[in-house]
Each structure stands twice: as C-alpha cells, then as structure tokens.
C-alpha cells in the first residue's frame, strides 16, 4: 500500500493535477469463449486513444483471489491496504446510507424486528418489511432525545437502518443487542469494557424510548443494534499526500469513504447523470489538486447480469470523457474498484483494467485499446490497487526524490 | 501467501471442486538458443486447449532466485509461505521416506558412520554404503525398546535413515550428535534447553543400544543423529480453506507434506503409472472437494539431464488428461512445484508455468499453448506460488466477498 511515512516526507505541495475516474465494478469477463469482455465490447474511442498514449495495467484490489466490497475496494484505490484499515460495519453502513461519521462518533447498524407480547423476538427481520415501511418507523424514532448525546438515524434498505451517536466520551466497546437466535428477547446494550459503559447506558435509554414508540407498529415493533464502530481515523489526503482532494460521487457509500480520507464532498443529486458528474468536476476543477469521480452504474448493471447495459454505461462514460479532457489534467487515471462481470452478477476478484494517462510522464506502452486482455501487456503490469496513489503522485511530479 | 485469517473468514463450505495437478519440476529451459523448453517441445494438445480457454501465468515458488527443495516448494503450492513455515529437517526426512509424524512426535535424521576401536569416527558416511546395506542395519535397530517412548525407524537412501519418537513430553531441543569434523567421536545427545533433557536421555539410551547392535557390522558400525524436529503444526486444509482434500501421490515425501496440511492420503503403489494415478483420482472424486495429484517423473528425468525423457513424461500426462477432464472439475490447475531444467540437472528458481482452467470464472487470456514463454503473457502474471490456493478457491466460487 502507499507508504504513508514516505509520502509525508516526499509529497510536494505543488505539481500536476490529478483526476481519478472510477467506474465501479469495471472489470468483466467474456460472455462466451473467445468473446469480448464488457469493456472490450464497448466502443470507446476516447479511452482507446488514452490507452495508446499512456500506461495500462491491472490492479489487484485486496489480494489475489479476494473479491472486495465497495468500502475496502475504494480504500485500496485511495492507498490504504484494506486488510490493515478495516472500517467497522456500523461505520460502513452509516456512511453507506448517507450519515456523516466524524472523529469520536460511534456508528451502529440497526434492524427492525418483531417481538411478541412477552418481548420475545419472533422475526429478526420484521417480516422483511419494504424500505418505505422502514422509513416510516425511522420517522417515529427521529426525535428521541437522550441527554448528553446527539443521535442521527437514517433508514436503509428494507428492515435496516443506521445510527450515529455524537458526544463526549463515547466508545464502540459495546456488544450487539441482537441475540442472533430466535425465541430470545433483544439484549440490552452491554459494555464489552469499562470504556463502553457510558455509551451502553445512553444506548439503553434510546432503546427503551424506541420500544415505546414502536409499540403497536407490527411487524416492525422493536429494533436490534449490531456492529458498534468508531470513525477509523484514517490518515487524511492532505496530511499524507499533500493533496486538496474532492469527491464527486452520487452514492452515499463513496462519499462516506471519501470523507473518511479527508476529501471534500461535492454536492450531487441522486439523479445526476455521468455528464452531470463530469460537469461538476469541471465546476470545481480550479479549487482542487485531486478529484475522485465515481460512476456507479457499471457495477449496478454487472450485478444485474446485464452485459449489454454495462457496455452502454462504459460507452456513456467514454462519450463524455472530453469534458474531463478539456480540463487538461496532468494525470487522468481510469480504473475500477473491483470487477463485476455481468456473467457473474457479483463482485469478483479479477484484476481491474487500469489506464494512467499523463502526457510527458507516463510510459507509452504497446497497448492499443483499453480492455482486460490488452492491459495484461501494459507498462504498469499487475499491481496492488493500494500502490496506485503513489503512481498518481509520481506521474503528477508531486513526489521528491528519495534519498540523495 | 494465503492469508489464513481471511481464508477462515471467507471460505465457504460449498462450491466448485478443484484438482491441483503438479508435475514435479515442470519448468525447464531451452537446450540451445532459440530452442524450445521441455514443456514447449512436448506435444500437448489437451493442455494447449486448456491454456487457450483458461488463465496462464508463472508462479514463483519461494522468492525470486531461490531454488526450493520439494518440501518447501509443495508447502508454497499449498499456500504456506515456505520462509514462514519451515519444516524441520528431521520431519522432512522422516516423511520423505514414509514415516508418519504426528503432533508431539520428534523426528530426526540419522546417518550410518564408521568408528574405529576407540570410538572415533573414521568415515561420517560409512563408506557411502548402498541402500540395501543401510536397510540391513535398520533391521538390526528396529526392535530396540526404550521405556517411555515408541520409536519408528526406517532406512532412506544409502547411509541415511530417519527416526520418529512418540511419547509424552518429548522435545526437539536436542543438539546434533554428529561432530561434523573427522577424528572425533559421535557426541551424546545433549539438550539445548531444559525442555529437551528427557528426550536427550531417551535418545542416549537408544544410541547405546544401537552401538551394541552395530558392533562388528563395519563399515556401518555406528550412527549419528541430526536435525531433531517436531511436527510443525501447520494449519489444516479443512480449518483454513474449508476443503476436504485428498492426495494422490506415489512418493512418500509428497504424501508426507500433504498429511502435514491435513489431506487424506490415498493408497498408491510405488509402481503406479500416471494413468493409474489419474484413475485413483477418479475413484475418490466423489468424496472430496479438492484433490492434489502429484507426478514425480518430470523432476526425475530433469535431474537425470534427460531432456527428451522429460518431454515424454509431459506427453504422457497430456495423453491421460481426459481421465481428469472427464470428472468435470470446476477448477483444474496444472503446474509444477519448481523448475528442473534438464540442462541444469537440478532444481532451479525459474518461475513455473501454471495453467488455471475454470469454465466461466477464469479469464481467457491470449495464451495459445502451455509453455514457459507463453505463460509470460498470461492473465495470472507472475505470482507467488503461495497465492495459488486463494486463486483456486476464488475460481471455484468458494470465497465470500471481503467487506461490504
């Protein structure tokens, strides 16, 4: 991964400007033997030109054979070994649905459940209520006030929600309240160490209030909490890379991880198109050294198993690339956080095609088009995703020499 | 190497079935400039087809430039970094000649030597007696009884043998009895720490008895012992990979290493042909998730320096591959544990051609034939042999995603 001590020593406060364009789940597989992958099938004249002029390679998100979730995969791209920097489940869930998690906060995942008149859980997922039903229950819980702590709550998908606690002396040393087995009552929040006692006490007050407010709202008439976690205190982009960095992403998860590494989060609308996103990059371009731009729909269409639709998303990105190229970035990296082959309908471990275009500093290799099999022969070879930021800084001439 | 903590978290108890076919010492070198290697010279239509359909690459057994012995090389293939998991020499020798080493056992290598009437060693290798002579001496030593310990002894090649001690409170903290220099008497077994004192005492009783029984049996009239070692307690395949694994191998060393990682050892005959071995894989196929099948003779012919004979062994494997393909494995990996170029007559460090065939999950690269120079351009790139098991599990869809 990025050597942060080295980066702190070598990273300059000036140099070229970098765009990191991530097409989520970019990597794919052929639909049939001897056929093209999604990226190879896509008509991408702009990316092909950049591939021809720059350096290509394949990045390994976490380790060989490991298919990552979006959180770890993005941490990797940002230079943080996802096996070292493990973001707690509560924090991932909270940032994934758009709650902000700051230093000192405690985040936790919640499930709505069904309890009977004796308080025994009869359904740990409240009959898998639809998201709208979860949102209604969250409205009931939103204004519970507990002295000494500010509580944010937000609905997730179906029976899920997340909570972020903000206040002095909070801790994630609190055990899950989900008893895991049916036929048991929800557990109270128990501290797993003395440091967690205050937090457990506050959470229990909240749980009591939640039980009152949900009474009669079957099937979701109670909650369980899991995965208490604190902000992971990741080294920040400005501190380690000397970069003023911004994030242009539509989905909360990616904004959340970007915020954890110290990027500024640019306002977006959930309905923003790829063109909209690129235009937002252009609007803020003068204010930043580094812009991370995230395209979600390559992954979504891959998970749908829709090969042709994934191809179209890639073509859509290519078509609008001139917006980014018009900014004259010194370094433009186009990659994915992991592979999501449409044939696979899921994240996979396959190394991710990566294109690093940097006029004057990137070695022009013999790759003639941007695709998985072309990238095998590229100048970047196969490399750990977490090394990418060092390469980005180097190609932007933002790193001093190491040693005399 | 395989990240065992991660594997324990992610490995499923279901998924595809895997065959790991190892041609010992597979990698080779051209006999002359511009000529083919052994594998390239071999007519291998089946492997070439699998290479065309699957992913190829080159595996690095231990580290760049390091030629491994068979023990470390196989540990690597099984996912255990051979520089971390160092199997003691006594254990390697013992399992190499077919003795079983279990948890708590102490194994040690023995040499027959010649001593004069004053007990001074005059030949540390007993005139390099042939194996039959060593076997006769072992017969004399077999039924020595020492209270409190069960002792297994077996002849190796020439003047070599191995012993396995089984009993309570044994330790490998015992120094070699070989004085290394001529003109000295064999040393008594000395404990190198208090933990080794009991073992040293028992070994000295055995050495006294051995001296008595070998008296007059010149030139092999005494023994020295070296490399006291205990079972290395390797993590087991079922525990770390969630695999029911079997080993089909003819030579004791490979059975031994496989047993140390928890594979079931399938009965074989020393005269089993490649076809016999493949048929044994077929017989047990229904009972296992993973079968390791070992072909010895590529290495043997390489060590003989017989290029053409090594080519023939490879062709023999290829010819019988339909037996394995008929089992419809989800993942078939064909590789070697290290290279043994015939021109070299020895193990070498050269990266080993590796073929991973897995319909639907392996990236089809542009490799058209299975050979060293083709594999350079394969989708697997150059990788640590100890990463191979993670790739095998991933391609068999036996690994969950890492993180959300």
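The values are calculated or read from the model by the stated rules, or taken from the named source; none is laboratory data. On a predicted model such as this, the values are computed, not experimentally measured, just so you know. Backbone-built Cβ (ideal geometry, glycine too); neighbour counts: all protein chains shown.
For the reader, a short list of remarks on this structure follows.
- The number of residues in region B:277-336 being without any contact (Cβ under 8 Å) to a residue 24 or more places away in the chain and part of a loop (DSSP other than H, G, I, E, B) comes to 1.
- Filtered residues of region A:54-82 (kept if at pLDDT below 95 and in a strand (DSSP E or B)): none
- Hey, residue A:51 modelled with pLDDT of 95 or more and in a helix (DSSP H, G or I) or not: yes
- Residues of region B:8-19 that are more than 14 Å from chain A (Cβ to nearest Cβ) and touching a strand residue (DSSP E or B) at 6+ places or on another chain (Cβ under 9 Å): B:17, B:19.
- Check on residue A:336, farther than 24 Å from residue A:281 by Cβ, buried (at least 17 other Cβ atoms within 10 Å of the Cβ) and in contact with a strand residue (DSSP E or B) (Cβ under 6 Å, 6 or more places away or on another chain): no
- Single unsatisfied condition, residue A:117 versus (1) touching a residue at least 40 places away in the same chain (Cβ under 8 Å); (2) more than 25 Å from the chain's Cα centre (by Cα): (1)
- Qualifying residue in region A:260-271 (condition: under 16 Å from the mean Cα position of the chain (by Cα), in a helix (DSSP H, G or I) and under 21 Å from residue A:77 (Cβ atoms)): yes
- Tally of residues being buried (at least 23 other Cβ atoms within 10 Å of the Cβ), in a loop (DSSP other than H, G, I, E, B) and either modelled with pLDDT under 95 or facing chain B (nearest Cβ under 7 Å) (or both) across region A:367-384: 1
- Looking across A:75, A:83, one residue alone is buried (at least 24 other Cβ atoms within 10 Å of the Cβ) and within 14 Å of another protein chain (Cβ to nearest Cβ). It is A:75.
- If you go through region B:72-91 and keep only what is more than 14 Å from residue B:386 (Cβ to Cβ) and in contact with a helix residue (DSSP H, G or I) (Cβ under 7 Å, 6 or more places away or on another chain), you end up with just B:87.
- Condition check for residue B:403: under 17 Å from residue A:349 (Cα atoms), facing chain A (nearest Cβ under 8 Å) and modelled with pLDDT under 95: yes
- Against the list (1) out of contact with any helix residue (DSSP H, G or I) (no Cβ under 8 Å at 6 or more places or on another chain); (2) free of Cβ contacts under 8 Å to residues at least 60 places away in the same chain; (3) more than 12 Å from residue A:57 (Cα to Cα), the condition residue A:366 fails is (3).
- Lone qualifier among A:64, A:31, A:52 - being surrounded by fewer than 24 Cβ atoms within 10 Å (Cβ to Cβ) and facing chain B (nearest Cβ under 9 Å): A:64
- Filter pass, residue A:101 being more than 27 Å from residue A:286 (Cα to Cα), facing another protein chain (nearest Cβ under 9 Å), touching a strand residue (DSSP E or B) at 6+ places or on another chain (Cβ under 9 Å) and in a loop (DSSP other than H, G, I, E, B): no
- Selection of region B:148-175 for residues being part of a loop (DSSP other than H, G, I, E, B) and either free of Cβ contacts under 8 Å to residues at least 24 places away in the same chain or more than 15 Å from residue B:206 (Cβ to Cβ) (or both) yields B:156, B:157, B:158, B:159, B:168, B:169, B:171, B:172, B:173, B:175.
- Filter result for residue A:111 (more than 12 Å from chain B (Cβ to nearest Cβ), crowded, with 22+ Cβ neighbours inside 10 Å and more than 21 Å from residue A:255 (Cβ to Cβ)): yes
- In region A:34-48, residue farthest from the other protein chains (Cβ to nearest Cβ) [restricted to those that are within 21 Å of residue A:378 (Cβ to Cβ) and assigned to a loop (DSSP other than H, G, I, E, B)]: A:43
- Residues of region A:343-366 classified as over 13 Å from residue B:363 (Cα atoms), surrounded by fewer than 23 Cβ atoms within 10 Å (Cβ to Cβ) and within 14 Å of another protein chain (Cβ to nearest Cβ), total: 4
- Checked against (1) out of contact with any helix residue (DSSP H, G or I) (no Cβ under 6 Å at 6 or more places or on another chain); (2) more than 30 Å from residue A:387 (Cα to Cα); (3) buried (at least 16 other Cβ atoms within 10 Å of the Cβ), residue A:142 passes all but condition (3).
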